[in-house]
Amino acid sequence: MGIYGKGATLLLNGGYNIRTSIDINLETYVENAVKRHLTQPEYQKISGYTVTLKTAFNVNDAAVVVMNSKTGEVLAMDGSTDYNSTDKE
């Protein structure tokens, strides 16, 4: 039966419908926005220069959680610019 027993089998094969508050369109937007902000040149109002955050300020990763403040629902999450990256930065 494995280390998780009947519960895992029932969850995976029991025909359950899992509902989530994640908005897939907002999720995709957030993932793309994180990549764009770190890797594409942007105008920085404070310095007045157009720079890439990754090269100019050594910002190599970011995380985002978007929530509905009234209900507490999580609408989108992004925990890394590239989850599968082996880059130590």
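The values are calculated or read from the model by the stated rules, or taken from the named source; none is laboratory data. Note that the coordinates shown come from a computational prediction; the quantities given were computed from them, not determined experimentally. Here the Cβ positions follow ideal geometry from the backbone for every residue, glycine too, while neighbour counts run over all protein chains shown. Surface areas here come from the heavy atoms of the whole protein model, side chains and all, with no ligands, DNA or RNA. Shrake-Rupley method; radii C 1.70, N 1.55, O 1.52, S 1.80 Å.
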* Accessible surface, the chain, averaged per residue in Å² (probe 1.4 Å) -> 84
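Quick one: order Ser80, Ser69 from most to least accessible surface, probe 1.4 Å.
Ser69, Ser80
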* To do: Might you report the magnitude of the Cβ-based charge dipole of the chain about its Cα centre, with Lys and Arg at +1 and Asp and Glu at -1, to the nearest 20 debye?
  => 160
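Summarise the accessible area of the chain (1.4 Å probe, protein heavy atoms) by the percent that is carbon and sulfur.
The C+S portion of the solvent-accessible surface of the chain is 55 percent.
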* Asked: Where does the charge balance sit around Asn25 when Lys and Arg score +1, Asp and Glu -1, over other residues with C-beta under 14 Å from its C-beta?
  -> -4
* Asked: Looking only at segment 56-89, which residues have a backbone nitrogen under 18 Å from a spot 7 Å from the Cα of Ala33 in the C-beta direction?
  -> 61-82
* In nm, what is the difference between 0.36 nm times the number of residues separating Gln44 and Thr86 and their Cα-Cα distance? -> 12.2 nm
* For the chain, with the dipole built from +1 on Lys and Arg beta-carbon atoms and -1 on Asp and Glu ones, taken about the Cα centre, which of Ser47, Leu12, Thr86 lies farthest toward the positive end? -> Leu12
